[in-house]
Amino acid sequence: MASWGFLTNHAGCCCASHTTRACGLRDIAASVGIAERSAFGIVTDLAEAGYVVKQKDGRRNPYQIQAHLPLPEPASQEPAIGDVLALLAGAGAGQQLTGTRPA
């Protein structure tokens with residue numbers, strides 16, 4: 001029986017980057033359970049779309065999520081990606097996001 005997940009690897013990489021401030025590619029790959037090369041491709045996709053900004057910190061490249069951007073779904077301009085990541089990560093994980101709507 002094949003195992004599957006509810007979220008895509010793209011969402012998993014966003015969650016990993018969001019919940020760990022000094023997260024590098026190796027950390028993202030390990031958190032999601034994918035190869036580092038796959039994580040690199042996904043982070044590149046996210047960076048090209050503007051959802052992730054790569055920062056240089058010595059030999060590490062931590063990634064910062066642009067939490068204010070809307071989800072990339074064509075019919076949805078709300079909620080922002082940060083609102084969804086805050087729900088997935090749980091209260092208090094990662095950075096505190098503002099501007100969330102009450103459920």
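Can you tell me how much longer the chain between Ala47 and Leu7 gets when fully stretched, taken as 0.36 nm per residue apart minus their C-alpha distance, in nm with one decimal?
On the way: separation 40, 0.36 × 40 = 14.40 nm, distance 1.89 nm.
In short, 12.5 nm is gained.
At q = 0.17, 0.22 Å⁻¹, what log₁₀ I(q)/I(0) does a Debye calculation on the Cα points of segment 23-63 give, no solvent, two decimals?
For the requested q values the scattering log ratios are -0.40, -0.67.
Looking at segment 1-63, which trypsin sites (Lys or Arg not before Pro) are in a loop (DSSP not H, G, I, E or B) and have at most 11 other Cβ atoms within 10 Å? Could you put the intermediate results ahead of the total?
Numbers: sites: Arg21, Arg26, Arg37, Lys54, Lys56, Arg59, Arg60; in loops: Arg21, Lys56, Arg59.
Filter output for segment 1-63: Arg21, Lys56, Arg59.
Using a 1.4 Å probe and ignoring any ligands, DNA or RNA, find the accessible area of His68 and quote it in Å² to the nearest 10.
The accessible area comes out at roughly 130 Å².
Starting from the Cα of Leu69, step 7 Å along the direction of its Cβ; do the same at Phe40; then give the gap between the two resulting points in nm.
About 2.1 nm separates the two model spin labels.
Provide the per residue accessible area, probe 1.4 Å, for segment 32-73, rounded to a whole number of square angstrom. The partial results should precede the final answer.
On the way: 2760 Å² over 42 residues.
Each residue of segment 32-73 exposes 66 Å² on average to a 1.4 Å probe.
How big is the accessible area of Val84 in square angstrom, nearest 10, if you roll a 1.4 angstrom probe over the protein chains?
We get 40 Å² for Val84.
Which of the chymotrypsin sites (Phe, Trp or Tyr not before Pro) found in segment 1-62 are loop residues per DSSP with 14 or fewer other Cβ atoms within 10 Å of their Cβ? Please report the intermediate quantities before stating the final value.
Working: sites: Trp4, Phe6, Phe40, Tyr51; in loops: Trp4, Phe6, Tyr51.
Filter output for segment 1-62: Trp4, Phe6.
The values are calculated or read from the model by the stated rules, or taken from the named source; none is laboratory data. Given the structure is predicted, the values throughout are model-derived calculations rather than measurements. Reconstructed Cβ throughout: ideal geometry from the backbone, glycine too, with neighbour counts over all protein chains shown. SASA here: full protein model, heavy atoms, side chains in, ligands and nucleic acids out. Shrake-Rupley method; radii C 1.70, N 1.55, O 1.52, S 1.80 Å.
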